[in-house]
């Protein structure tokens, strides 16, 4: 258990560049990333991709640009994902609602473009984001929230090692309808196990010649947990 008697809070998340074997996480810059991110998320196919985001559907890149500007002014730190193999921008996520005094921050506004599907890119990107939060900034709690109807997001959160905490009923409005929000978190005491499983999964030896995983992330986490008891 962490000794909190001398805890003085954490730095607020700032734009950061993080590099892995498959992906680079880099701070969003409008002039560099706007068109590339729009294209990487499918252009007008972005609206089905972002079904569970709360903002109205985008009519074009201008709406997407305005939304990104607004959420950044509201305190989001937008990070984009670049595929190292192709150099293409393929997705994004945001550090949101930071509470540095208590060491709590959320990852949200997560969008994985088609090029991230069935690849190690998303897993490595979220490993890098979490590692920065816990190891570099010293946070105590890292949150993931999603529309309770968003089953793929809930499955992804659990796969990455977030624990389900419950549903906040009638939490907010989303596209003019009610949204019940599912809450997930990982905390600093759990992070060493979660980090070890991420690193074992990302190890080159965990992939065959076709780039397919040999062992699942959940399997590795359970094995590491069992070996520690």
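Out of the stretch 96-108, which residues are crowded, with 21+ Cβ neighbours inside 10 Å and either free of Cβ contacts under 8 Å to residues at least 12 places away in the same chain or under 21 Å from residue 46 (Cβ atoms) (or both)? Within the stretch 96-108, just 107 meets the criteria.
Scanning the stretch 45-62 for residues that are assigned to a helix (DSSP H, G or I), out of contact with any helix residue (DSSP H, G or I) (no Cβ under 8 Å at 6 or more places or on another chain) and surrounded by 14 or more Cβ atoms within 10 Å (Cβ to Cβ) returns 47, 49.
Against the condition out of contact with any helix residue (DSSP H, G or I) (no Cβ under 7 Å at 6 or more places or on another chain) and either at pLDDT 95 or above or at positive phi (or both), how does residue 31 come out, does it pass? Judged against the criteria, residue 31 is a match. Residues of the stretch 139-153 include none that is closer than 24 Å to residue 204 by Cα, in contact with a strand residue (DSSP E or B) (Cβ under 6 Å, 6 or more places away or on another chain) and surrounded by 16 or more Cβ atoms within 10 Å (Cβ to Cβ). Scanning the stretch 92-108 for residues that are outside any strand (DSSP E or B) and closer than 14 Å to residue 30 by Cα gives no hits.
Taking residue 133, is it modelled with pLDDT of 95 or more and under 19 Å from residue 198 (Cα atoms)? I'd like the intermediate steps shown before the answer.
Values: modelled with pLDDT of 95 or more: yes; under 19 Å from residue 198 (Cα atoms): yes.
Judged against the criteria, residue 133 is a match.
Restricting the stretch 109-165 to residues that are within 22 Å of residue 89 (Cα to Cα), in a loop (DSSP other than H, G, I, E, B) and touching a residue at least 40 places away in the same chain (Cβ under 8 Å), the residue that is farthest from the chain's Cα centre (by Cα) is 119.
Can you tell me which residue within the stretch 197-226, out of those that are within 25 Å of residue 104 (Cα to Cα) and surrounded by fewer than 17 Cβ atoms within 10 Å (Cβ to Cβ), is farthest from the chain's Cα centre (by Cα)? Explain how you work it out, then say what you get.
So the first thing to find is which residues in the stretch 197-226 are within 25 Å of residue 104 (Cα to Cα), and the list is 197-199, 217-218, 221, 225.
Okay, now just the ones that are also surrounded by fewer than 17 Cβ atoms within 10 Å (Cβ to Cβ), so 199, 218, 225.
Numbers: 199: 17, 218: 17, 225: 23 Å.
Within the stretch 197-226, the match that is farthest from the chain's Cα centre (by Cα) is 225.
Of 168, 184, all but one fail to be surrounded by 13 or more Cβ atoms within 10 Å (Cβ to Cβ), over 17 Å from the mean Cα position of the chain (by Cα) and closer than 15 Å to residue 147 by Cβ; the exception is 168. The set of residues in the stretch 63-91 that are assigned to a helix (DSSP H, G or I) and farther than 22 Å from residue 115 by Cβ comprises 63, 66, 69, 70, 71, 72, 73.
The values are calculated or read from the model by the stated rules, or taken from the named source; none is laboratory data. Computed from a prediction, not measured in an experiment: that's the story for all the values here. Note: ideal-geometry Cβ built from the backbone for every residue, glycine included; neighbour counts use all protein chains shown.
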